[in-house]
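Worksheet: the structure to be examined is printed underneath.
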Amino acid sequence: MILSIAAPMLAWYDRARRDLPFRNTRDPYRIYVSEIMLQQTRTETVVPYYLRFLSLFPTLRSLAEADTETVLKAWEGLGYYSRARNLQKAARILCRDFDGRLPEDPEVLLTLPGIGPYTAGAIASIAYDRPCPALDGNLTRVYSRLYGIRDCVDLPDVSARIRDIAAQSMPGVRNGDFNQALMDLGATVCVPGTPDCARCPLGDLCQARKDGDPEALPVKSAKKKLAQKQYAVQILTCLGKVCLFRRTEKLLGGLWVFHLSELPAGFPEVSPRLPGKPLPVSALKRDLLGTARHVFTHQVWEMTLIHVPLLDRSGLPPVIEGGRWVTSEEMHSLPMPTAMRAAVAQADRLLTP
Ligand code: SF4
């Protein structure tokens with residue numbers, strides 16, 4: 001049986017909704033940008049990025065026409081950079097094939113790069129009031145507790161059941177508000193760990209609350225262990241400049257990094273003969289600067305930071321592999337990932353006369 005949750009959820013939303021900048025617009029482009037930024041990122045983190053991004057790219061067309069490096073720079077620090085690349089790819093497709101408009105149909109939205117079922121449902125319901133659920137981890141948690149679902153939510157038949165409940169729960173009117181009400185509930189009341197059931201508008205309907213153990217739900221499959229990677233990060237300097245490389249790999253693609261060499265697992269110490277990608281120039285010496293660590297979703301980078309000072313009286317040595325010699329100021333104008341933050345601080349120190 002499907003519970004009637006629309007009325008209490010909408011009444012609660014009218015009373016307690018979070019005041020967020022993307023709540024004050026029906027502009028599909030602005031809603032689209034906010035939903036892409038909110039994928040895998042906390043709302044408090046997104047707000048300043050959202051405001052700055054829209055001041056730089058106020059329309060879909062301005063984003064489509066922007067230089068990709070400028071878009072990545074505006075995204076710097078937010079992580080998951082494929083979101084920014086896909087957002088711009090989709091903006092270019094929309095300007096070319098859809099007259100610069102975001103489609104209303106969630107099935108068409110799903111054909112755009114970077115848009116999955118959650119984002120398609122969120123855009124279609126919030127911007128166009130389509131009765132589509134926007135089911136993410138937060139809503140899965142709310143529904144699994146509400147219906148007392150004790151099977152693992154990662155199993156295909158269980159996730160299909162939750163999708164079905166979510167689709168049948170849509171009110172038909174104020175669909176965007178309904179989805180945003182559930183998002184707020186999952187973010188502020190029905191939180192992971194111990195929920196605040198006393199404040200919940202669905203308290204009287206909730207099976208997990210009746211059972212007395214809402215914190216035990218949802219049941220999820222065990223998390224995979226993160227892969228551990230070791231990298232030598234070599235900071236090449238010469239004549240007041242540092243050498244950066246534009247990444248072509250999928251992870252952090254399009255961003256600028258120092259010279260990275262992946263080391264074999266358990267590589268014991270920094271050695272002048274580092275294995276992995278050879279340096280694009282010959283170096284006489286290396287100085288160990290320290291270590292840094294960065295945790296991605298699926299892997300952890302343990303990094304050894306090394307200074308490679310190059311002495312060349314005839315000018316900057318030529319570099320291969322898409323390298324570029326830059327000043328400290330130029331380095332800060334390029335999009336660089338947070339994983340390089342410690343190395344950037346070292347490079348700044350090394351370049352200071
Ligand atoms: S009553 Fe508690 S467990 Fe149930 S939906 Fe509300 S906050 Fe979540």
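I'm told residue 185 meets every condition in (1) within 10 Å of the ligand (Cβ to nearest atom); (2) more than 29 Å from the chain's Cα centre (by Cα) except one. Can you identify the failing condition by its number? With (1) within 10 Å of the ligand (Cβ to nearest atom); (2) more than 29 Å from the chain's Cα centre (by Cα) applied to residue 185, the lone miss is (2).
Of everything in the stretch 141-159, what is more than 16 Å from the ligand (Cβ to nearest atom) and part of a helix (DSSP H, G or I)? Give them in sequence order. Matches in the stretch 141-159: 156, 157, 158, 159.
So that you can scan it fast, the table gives a plain yes or no per residue for (1) surrounded by 13 or more Cβ atoms within 10 Å (Cβ to Cβ); (2) touching a residue at least 60 places away in the same chain (Cβ under 8 Å):
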| residue | (1), (2) |
| --- | --- |
| 3 | yes, yes |
| 12 | yes, yes |
| 15 | no, no |
| 22 | yes, no |
| 27 | yes, yes |
| 30 | yes, no |
| 48 | no, no |
| 56 | yes, no |
| 67 | no, no |
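Of the residues examined, residue 302 is not one that is at pLDDT below 70, surrounded by fewer than 15 Cβ atoms within 10 Å (Cβ to Cβ) and not hydrophobic (A, V, I, L, M, F, W, C). Scanning the stretch 160-179 for residues that are within 23 Å of the chain's Cα centre (by Cα) and more than 16 Å from the ligand (Cβ to nearest atom) yields one hit, 176.
One line per residue, one yes/no per condition, for (1) surrounded by 21 or more Cβ atoms within 10 Å (Cβ to Cβ); (2) within 28 Å of residue 300 (Cβ to Cβ); (3) near the ligand (Cβ under 9 Å from one of its atoms); (4) in contact (Cβ under 8 Å) with a residue 12 or more places away in the chain:
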site	(1), (2), (3), (4)
190	yes, no, yes, yes
199	no, no, yes, no
207	no, no, yes, yes
218	yes, yes, no, yes
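Counting only residues that are buried (at least 22 other Cβ atoms within 10 Å of the Cβ) and within 16 Å of residue 339 (Cβ to Cβ), how many does the stretch 235-248 have?
Going through the stretch 235-248 one residue at a time, the tally reaches 2.
Taking the criterion of being touching a Leu at 6+ places or on another chain (Cβ under 9 Å), among the aliphatic types (A, V, I, L, M) and either over 15 Å from residue 186 (Cβ atoms) or at pLDDT below 95 (or both), the only residue of the stretch 198-221 that qualifies is 205. The strands (runs of 3 or more DSSP E) located wholly in the stretch 287-353 that include 3 or more residues which are under 11 Å from residue 233 (Cα atoms) occupy 287-295, 299-309. Report the residue count in the stretch 251-277 for those that are farther than 13 Å from residue 301 by Cβ and either at pLDDT 90 or above or not in a loop (DSSP other than H, G, I, E, B) (or both). Here the count works out to 5.
Within the option set 87, 51, 60, being closer than 25 Å to residue 337 by Cβ, out of contact with any Pro (no Cβ under 8 Å at 6 or more places or on another chain) and at pLDDT 95 or above holds for one residue only, 87.
The values are calculated or read from the model by the stated rules, or taken from the named source; none is laboratory data. Computed from a predicted model, the values in this text were never measured in an experiment. Don't worry about glycine lacking a Cβ; one is built from the backbone with ideal geometry, like all the others, and counts go over all protein chains shown.
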